Amino acid sequence: MRILPEEEDFDPESFDAEARAAAIREGHEHFNAERFHEAHEAFERCWLAGEGADSDLWKGLVQASIALHHLQRKNLTGARKLNTGMRRLLAPYLPSAEGFDLAGLLREMQGVLRTGEPPWPRLEREA
């Protein structure tokens, strides 16, 4: 099942620094509250508004969120399909970016993708 954006009228031009910070905060909170579909939506706004290499970071977090959403729905095959792309997108930012511990996330994702069962990974952020 493909997850499509809910905000069809999203305008990247109006996505200023304040909106970006809010989307990052929302994505982080949703991710750690195991609301992975909502985390996907928040990180997707950063991805759609991003330019250049920065957009790959957000696309990687979108894919991580979608993979975990699939796992919650017991779709291990769908989650595993996203793993290669997610790892490729996040690799250039290791070990961390935007204050997120990406190395830890990728390590936890590998574990959960082996079993398909919780506990779900957390997205740790430096204070």
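The values are calculated or read from the model by the stated rules, or taken from the named source; none is laboratory data. Source: prediction; values computed, not measured. A quick note on method: Cβ atoms are made from the backbone with ideal geometry, for glycine too, and the neighbour counts reach across all protein chains shown. The accessibility values were calculated without ligands, DNA or RNA, using every heavy atom of the protein model including side chains. Shrake-Rupley method; radii C 1.70, N 1.55, O 1.52, S 1.80 Å.
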Original post:
Is at least one residue of the stretch 25-37 part of a helix (DSSP H, G or I), open to solvent by less than 30 Å² (accessible area, probe 1.4 Å), among the small types (Gly, Ala, Ser) and modelled with pLDDT under 95?
Top reply: no
Original post:
How about the stretch 41-127: which helices (runs of 4 or more DSSP H) wholly inside it have at least 1 residues that are among the acidic types (Asp, Glu) and surrounded by fewer than 18 Cβ atoms within 10 Å (Cβ to Cβ)?
Top reply: 54-72
Subject >> Single residue of 60, 116, 50 found to be under 20 Å from residue 22 (Cα atoms), in contact with a Leu (Cβ under 7 Å, 6 or more places away or on another chain) and of a type outside the set (Val, Ile, Thr) >> reply: 60
